[in-house]
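Take a look at the following structure, please.
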Amino acid sequence: MSSYRDWDTLEALKNSPKGRLQYNQKWTPEDGDLLSQSICMLSPYAGWVLENIIPNKTLSDGSECQEYMQDSDGLSSMSAPASPVLPPLISPADTDKNQEEQIILEPCKDVDTFLRLPSAKMLAVESKIRSFEEEQKMKSREELNARLDYVNRYNRSLAEKAAEQYKRFEEMLELKQRQEKQKLEEQLEKDSKEAMERQEKLKEEHRHRAKLLSLKLREAEQQRQQELERNRQEEGRERMRRLCALQQEALQLIQKIEMDQKLQETLRVDLSFFSKRGNQICGDLSNVVRSSSEGQFPSQDDVIFGERSVQELKLLLRDMEKEVAAAQERYKAEEEAAKQKQKDAAQQQQQAKALASGPTQTTQDKKEGLQGQTEKNIMEQYKELLNRCDQCLNSISALLTSKDAKDKKTRFELQKAVLTPVGQISSDLTNVQEVFKKLNTLLTGGAVRTLDKSVSLSIHALASDFVTYKLAERFVTQAEQEVASHHESVFPLAMVVSGIWERHPQVGELFLAHLYKKCPYSVPFYPAYKKGVPIIDYQRELGYNIDGSVVEPQDHFLKRMSGMIRLYAAVIQIRNAFGTVQSHHPHGLNHGWRWLAQMLNLEPAVDITATLLYDFLEVCGNALMKQYQDQFWKLIILLKEELFPRIQMVTTEGQMGAVVRLRSFLENILRQKTIPLPKGYQRF
């Protein structure tokens, strides 16, 4: 209860005007006696403070208070009420400052005079109040410091415990990590050992399987080699048997070729050529068989050589038999002529001379209607085309003969752009279309790919003429080489030539010029021999290839002429190649009809006439038959009855192959009244 009143007192003092004064806590004695400088008016509550707080200590008997009152500068007569009635305390929070001052001053109205205390007494009271406050502050501070010390000690103990627990936790975590790491390392080491063991086991199994596989492969290879060796030996023995059979057949044929010398003298015919040639063939074949017997086995080339030898012997025997038959006929004719005593001696000598010299003598005689030269207008066109070809050659001579590296490179690229596509022509229609498209693109100024390079006519001023000339020349060369060996390849090539000709007429004209140069019989034209001209130059004019002073064999010559005339016959019958919409072919079937009619009006030449007629009719006969119908058959009958006998007359017995082939062809088409389509034409 006392403490509660003490706090009320302190609260009242705090709310008093003095309690709201500001004290200088840093006051020094040099500042002077502040209390003596001014009179401090005490509140009426001071007596209540003295009665309730101080008397317990210093005024318990009342004497000291009385003495205190007597020594207060004449104010001893004044005494404070024993128990002053305090006004009710009003909280500062409930009223403002003016109301508070009014409440505090109201008791002063009841007091007659303010209680004035001496400075020493007032200082003592104030000091006691201050000491009490300091004491309370000290107690509070001590309790607070004690409480803070306790809290700090408690916090430190908690922190130390937490640090220890955290340390233990880290140690435990580190221990667990170490244990897990050790366990993981042990597991990895264990797995590694197991993996190594498995790897070693797999390696061992692999080595074992590799050995087994190697053994099996070696055995299989040995078996394959043995099988191949058996097959090779079997094939070799079969070829050896075949070669021996061919040799035996050749020996039988040579026995037939070697005739009795007396019979040759009787027939007055020299057959030594057949005998020599037959013995030569047999000797070559015997050498092949002998070399094969000494070695392992004959090759397939040896067998092919044997077959060719036997075939040649058969042809040789057939020609010899024809020669013997002709000699027998001549012998019989001579006997009959000798019996004709009534004939004039001059006629007998002329007849004997004609029979002795053979049928070639009669070629000097001409029947009515046959010519020795080609028509004038045809020869004019022929010469005009050759002049154009020469002019084109002269125009590109600067590029052809240039030594400049750039011109050489240009010439090489342009040649490749022309030669490569033509050389790639095959029997596939898609391939033919691609080749035509490439050549047409090049001629129209577009770019084409050659050797991973783009080539066009813009790379040189003479490129257009150069490509035109070389392309026409390449077409004819392709006929010489490819068509001559494979007759079915003529139509793919002819389709490209015809398509290019229709779109680029200059190429077609140069193609004809090159064809006429190499094969004058395509005009048709038989060059005549002129006196004073070397024979080798005349043969070159006839179309023979001359290497130095060596003239190509007759069979090679006929083969090349056949390829070129076949290409010519195929070109003139192909129209609207690759979607062309021209009204007519620039060199169509009418030229083929003119060529055939002109051939019938010319004197035949040995070998070449029969060969070219057969090749031309086999390729172009069906198209001419459909175009001209009855007129064509009249021309064929004229050929059979008028020209063919003259062809036989100029052909010697050793050159009858082409004549026999032509005769068989004419007989078949006249008997069947039709000409079949040539081989390879159906694809296009």
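What is the calculated FRET efficiency for C244 to L315, with r their C-beta to C-beta distance and R₀ = 22 Å, to the nearest 0.05?
After rounding, the FRET efficiency stands at 0.50.
For labels at M379 and S427 in the simple 7 Å Cα→Cβ model, what's the distance in nm?
Result: 4.3 nm between the two label points.
Here is a further query. Under 5 Å between amide hydrogens, which residues at least 5 positions from T450 or on another chain qualify, with H placed 1.01 Å from N in the peptide plane?
It is V455, by chain and number.
Treating the range 560-684 as a set of equal point scatterers at the Cα positions, no solvent, please give the Debye-formula log₁₀ I(q)/I(0) at q = 0.09, 0.11, 0.16, 0.19 Å⁻¹.
-0.26, -0.38, -0.79, -1.09
Something else about it: Can you work out the Karplus-derived ³J(HN,Hα) for every residue in the range 164-169? Use 6.51 cos²θ - 1.76 cosθ + 1.60 with θ = phi - 60°, whole Hz, and x for glycine or proline.
5, 5, 5, 4, 4, 5
Enter the accessible area per residue of the range 120-200 (Å², integer; probe 1.4 Å; all protein chains in place).
So the range 120-200 comes to 90 Å² accessible per residue, rounded to a whole number.
Say each of Q187 and E641 gets a label point 7 Å from the Cα, pointing the same way as Cα to Cβ; how far apart are those two points in nm?
Label-label distance for Q187 and E641, simple model: 11.4 nm.
Relative contact order (percent) for the range 407-504, with alpha-carbon contacts under 8 angstrom and 6 or more residues of separation?
With pairs under 8 Å counted, the relative contact order is 34 percent.
Follow-up. So how do 460-473, 519-532 stack up, highest first, on mean other-Cβ count within 10 Å?
460-473, 519-532
Which net charge results for the neighbourhood of R277, defined as the other residues with beta-carbon distances under 12 angstrom from its beta-carbon, given Lys and Arg at +1 and Asp and Glu at -1?
-3
Amide H of L602 versus every other amide H placed in the peptide plane: which residues, excluding those fewer than 5 positions away on the same chain, fall under 5 Å?
Q371
If you rank I636, I304 by how much accessible surface each has, with a 1.4 Å probe, what is the order from largest down?
The most accessible residue leads, giving I304, I636.
Could you work out how far the C-alpha centroid of the range 160-223 sits from that of the range 408-431, in angstrom?
With the range 160-223 and the range 408-431 each reduced to a Cα centre, they are spaced 66 Å.
Show me the ranking of peptides 228-235, 433-440 by mean Cβ neighbours inside 10 Å, starting with the highest.
Per-residue Cβ counts within 10 Å, averaged per peptide and sorted highest first, yield 433-440, 228-235.
Let me ask something else. Quantify, in whole percent, the carbon and sulfur part of the accessible surface of the range 411-484 (1.4 Å probe; protein heavy atoms only).
46 percent
Under a Cβ-Cβ cut-off of 13 Å, what is the net charge of the residues other than K216 that fall near it, where Lys and Arg count +1 and Asp and Glu count -1?
Result for the local shell: +2.
Suppose accessible area is computed on protein heavy atoms with a 1.4 Å probe; arrange D452, D428 from highest to lowest.
The residues order as D452, D428, largest area first.
Within 15 Å, Cβ to Cβ, of K193, how many net charges do the neighbouring residues add up to if Lys/Arg are +1 and Asp/Glu are -1?
The answer is -4.
The values are calculated or read from the model by the stated rules, or taken from the named source; none is laboratory data. Predicted model, so just to flag it, every value in this text is computed and none were measured. Glycine also receives a Cβ, built like all others from the backbone with ideal geometry; neighbour counts cover every protein chain displayed. Side chains are part of the model used for accessible areas, which takes the heavy atoms of the whole protein and leaves out ligands, DNA and RNA. Shrake-Rupley method; radii C 1.70, N 1.55, O 1.52, S 1.80 Å.
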